[in-house]
Amino acid sequence: MENYKLTANKREVPTPAVNQARQEGKVTVELYGSGSENQHLFLKTQEVEKVYQQAGESNLIDLIIDGAEPIKVIIQDIQQHPLSDKISHVDLYKVQMDKAITTHIPLNFVGEAKAIKELGGTLVQSLEELEISCLPGDLIDHIDVDISVLNTFNDIITVADLNVPQTITVETDLGFNVVSVVAPKLQQEEAPATETAEGEAAKEGEKEGKKEEGKAEDKKE
């Protein structure tokens, strides 16, 4: 697993110069964790955006505060500006390597589904990440989902089907659908039309049958 690093500076609370700091390319940070007091920090915006893009919420990060020894953290949450989507605030969680943590691991879809390649279906992803718990040292970047097992429109991959290391406990409902393939829209529309046509044909057949029965009775009379 790759090593990630963030360099932070302490800030006073309340911070009258928050807006100025943001103009200088910094974001506010809250560091918290079991058995320690919250710390209020600043991080460089470019640095935290780069690390978040690479590490997400499922990788350990070395956090260096004012040049001190690094501590192990994970990104717990971020806030983004509603217009620019730039990160404006970050919550970091200080981990203890001997205590389990709960976080999210992204799913990585691999392979080629026969139901798409040969039947022209469309992939439907119902889940993009798993909620898991494990020791910090057992965190992984992602979990692969092999969609090559989706041969028909009836095939579904659920959380229970995923290959997850034994060191990780999945908190997401095991019965939850992860991914499937749906039939092309045209094919879905043709099915009711075919059923309607068959129904009309059956009705016409019934009418013709009744006419023939009526003629037969007239002849008897």
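Okay, residues lined up against (1) within 30 Å of Ile156 (Cα to Cα); (2) touching a strand residue (DSSP E or B) at 6+ places or on another chain (Cβ under 7 Å); (3) of a type in the set (A, V, I, L, M):
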position	(1), (2), (3)
His40	no, yes, no
Gln54	yes, yes, no
Ile71	no, yes, yes
His89	no, yes, no
Lys114	yes, no, no
If we ask which residues in the range 23-46 are buried (at least 16 other Cβ atoms within 10 Å of the Cβ) and out of contact with any Lys or Arg (no Cβ under 9 Å at 6 or more places or on another chain), their number turns out to be 1
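Identify, from the list Asp85, Asp155, Asp146, the residue that is over 18 Å from Ser58 (Cα atoms), out of contact with any Ser or Thr (no Cβ under 8 Å at 6 or more places or on another chain) and assigned by TED's automatic domain parsing to the domain that holds Val178.
Details: Asp85 fails: assigned by TED's automatic domain parsing to the domain that holds Val178; Asp155 fails: out of contact with any Ser or Thr (no Cβ under 8 Å at 6 or more places or on another chain).
Matching residue, one of Asp85, Asp155, Asp146: Asp146.
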Failed item in (1) surrounded by fewer than 18 Cβ atoms within 10 Å (Cβ to Cβ); (2) within 26 Å of the chain's Cα centre (by Cα), with Ile61 passing the rest
(1)
Note down all Cβ pairs under 9 Å where the first residue falls in the range 45-57 and is outside the structural domain of Pro136 (by TED's automatic domain parsing) and closer than 21 Å to Thr102 by Cβ, the second is of a type in the set (Lys, Arg) and at pLDDT 95 or above, and they're at least six residues apart or on different chains.
Val51/Lys5
Looking only at the range 137-158, filter to residues that are in contact with a strand residue (DSSP E or B) (Cβ under 6 Å, 6 or more places away or on another chain) and closer than 26 Å to Ile74 by Cβ; which one of those is surrounded by the most Cβ atoms within 10 Å (Cβ to Cβ)?
Ile143
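The values are calculated or read from the model by the stated rules, or taken from the named source; none is laboratory data. Computed from a prediction, not measured in an experiment: that's the story for all the values here. Methodologically, a virtual Cβ is constructed for each residue, glycine included, from the backbone with ideal geometry; neighbour enumeration extends over all protein chains shown.
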